[in-house]
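The values are calculated or read from the model by the stated rules, or taken from the named source; none is laboratory data. For clarity, every value in this text was computed on a predicted model and none was experimentally measured. Note that each Cβ is placed from the backbone with ideal geometry, even for glycine, and that neighbours are counted across all protein chains shown.
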Amino acid sequence: MEIILQETAAEASVIAAKIIARLVREKPNAVLGLATGSTPLGLYRELIRLHQEEGLDFSQVTTFNLDEYIGVAGDHPCSYRLFMMENLFSGLNLPASQIHIPDGLAEDIPAHCEAYEEAIRAAGGIDLQVLGIGSDGHLGFNEPTSSLASRTRIKTLTEETRQDNARFFERVADVPHHCITMGMGTILESRVCLMLAFGANKAAAVSQAIEGPVSAMMPASALQLHPRVHVLLDAEASTKLTRKDYYQYVYDNKPTWQRY
Ligand code: F6R
């Protein structure tokens, strides 16, 4: 696991965008796994800038989003589909047919989840998965006690997650209780994981995920089992890490060819 410590979310987001840009330049038909929420907003802004100002080409890229609320239509202001359209896809040259987001209105949810897994397989698997972390340690919406081998499926959101996400809705009561999320097993099959975490309310989850035991109680800790993970943190999210000096030392001494 590579831990990259930056002062601000903006600086970390630029590095995350460089990692994705390098992949897309090397493999123009890369398959990207994407997340929603506040965390990747700076990354998405930078990807749009790289496309519009530096010609980074997304025309052959395929994307799969991690999750979507159940019962929320794709054009609902709080849907993750609309979020992605507004904050990323509208600024890129990515054909709509190459965008995949779970359908919160699917009639047969288990069949939809199976088809989602099949579509990921058919695309050749995810090359790089962008991840945020919940204050309770979730990845996607794999809440604590989620099986670390789970696949795309329905999950019930914790009250903590509903409260955290209430800022996007008019009232807490409007936040759905259920979602469709890629499973931990699905996420761990991505060839590379890129987790971003910003702000003081992520510090405890970040330290447990990186330095604590691997446990379904802290789903993000399963990233310790993955061979290629980059974690990008701002100063506030890294305050509870005990090995910060080592992470910084590793980063400062990266061979030139490994730098971003
Ligand atoms: C969203 C997702 C979630 C968020 C997490 C952090 O697609 O998968 O795991 O990444 O809840 O949310 P923010 O970034 O809003 O703090």
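Quick rundown of the values:
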{"quantity": "The range 238-260, subset closer than 20 Å to PRO213 by Cβ and touching a Leu at 6+ places or on another chain (Cβ under 7 Å), residue surrounded by the most Cβ atoms within 10 Å (Cβ to Cβ)", "calculated": "SER238"}
{"quantity": "Test: residue in the range 73-80 that is within 17 Å of THR181 (Cα to Cα), in contact with a helix residue (DSSP H, G or I) (Cβ under 9 Å, 6 or more places away or on another chain) and away from the ligand (no atom under 16 Å from the Cβ)", "calculated": "yes"}
{"quantity": "Test: residue in the range 102-117 that is without any contact (Cβ under 8 Å) to a residue 60 or more places away in the chain, in contact with a helix residue (DSSP H, G or I) (Cβ under 6 Å, 6 or more places away or on another chain) and away from the ligand (no atom under 16 Å from the Cβ)", "calculated": "no"}
{"quantity": "Test: residue in the range 121-131 that is touching a residue at least 40 places away in the same chain (Cβ under 8 Å) and farther than 29 Å from LEU23 by Cβ", "calculated": "no"}
{"quantity": "Pairs where the first residue, in the range 75-96, is touching a residue at least 40 places away in the same chain (Cβ under 8 Å) and the second is among the basic types (Lys, Arg), C-beta under 9 Å, 6+ apart", "calculated": "ASN87/ARG45; LEU88/ARG45; GLY91/ARG45; GLY91/ARG49"}
{"quantity": "Only listed residue being within 16 Å of the ligand (Cβ to nearest atom), modelled with pLDDT of 95 or more and over 13 Å from the mean Cα position of the chain (by Cα), chosen from ILE19, ILE99", "calculated": "ILE99"}
{"quantity": "Per-region count, the range 43-69, residues away from the ligand (no atom under 14 Å from the Cβ) and of a type in the set (A, V, I, L, M, F, W, C)", "calculated": "6"}
{"quantity": "Which numbered condition GLY137 fails, given (1) free of Cβ contacts under 8 Å to residues at least 40 places away in the same chain; (2) at positive phi", "calculated": "(1)"}
{"quantity": "Residue in the range 22-34 that is within 28 Å of ALA235 (Cα to Cα) and more than 16 Å from the ligand (Cβ to nearest atom) present", "calculated": "yes"}
{"quantity": "Single match in ILE120, ILE101 (criterion: within 21 Å of PRO40 (Cα to Cα), in contact with a strand residue (DSSP E or B) (Cβ under 7 Å, 6 or more places away or on another chain) and hydrophobic (A, V, I, L, M, F, W, C))", "calculated": "ILE101"}
{"quantity": "Checklist (1) more than 14 Å from the ligand (Cβ to nearest atom); (2) farther than 22 Å from MET195 by Cα; (3) touching a Gly at 6+ places or on another chain (Cβ under 9 Å) applied to LEU148, failing item", "calculated": "(2)"}
{"quantity": "Residues being of a type in the set (Asp, Glu) and within 11 Å of the ligand (Cβ to nearest atom) - total across the range 118-145", "calculated": "2"}
{"quantity": "Some residue of the range 155-175 being basic (Lys, Arg), in contact (Cβ under 8 Å) with a residue 12 or more places away in the chain, touching a Cys at 6+ places or on another chain (Cβ under 7 Å) and within 13 Å of the ligand (Cβ to nearest atom)", "calculated": "yes"}
{"quantity": "Some residue of the range 198-207 being hydrophobic (A, V, I, L, M, F, W, C) and under 24 Å from ALA21 (Cα atoms)", "calculated": "yes"}
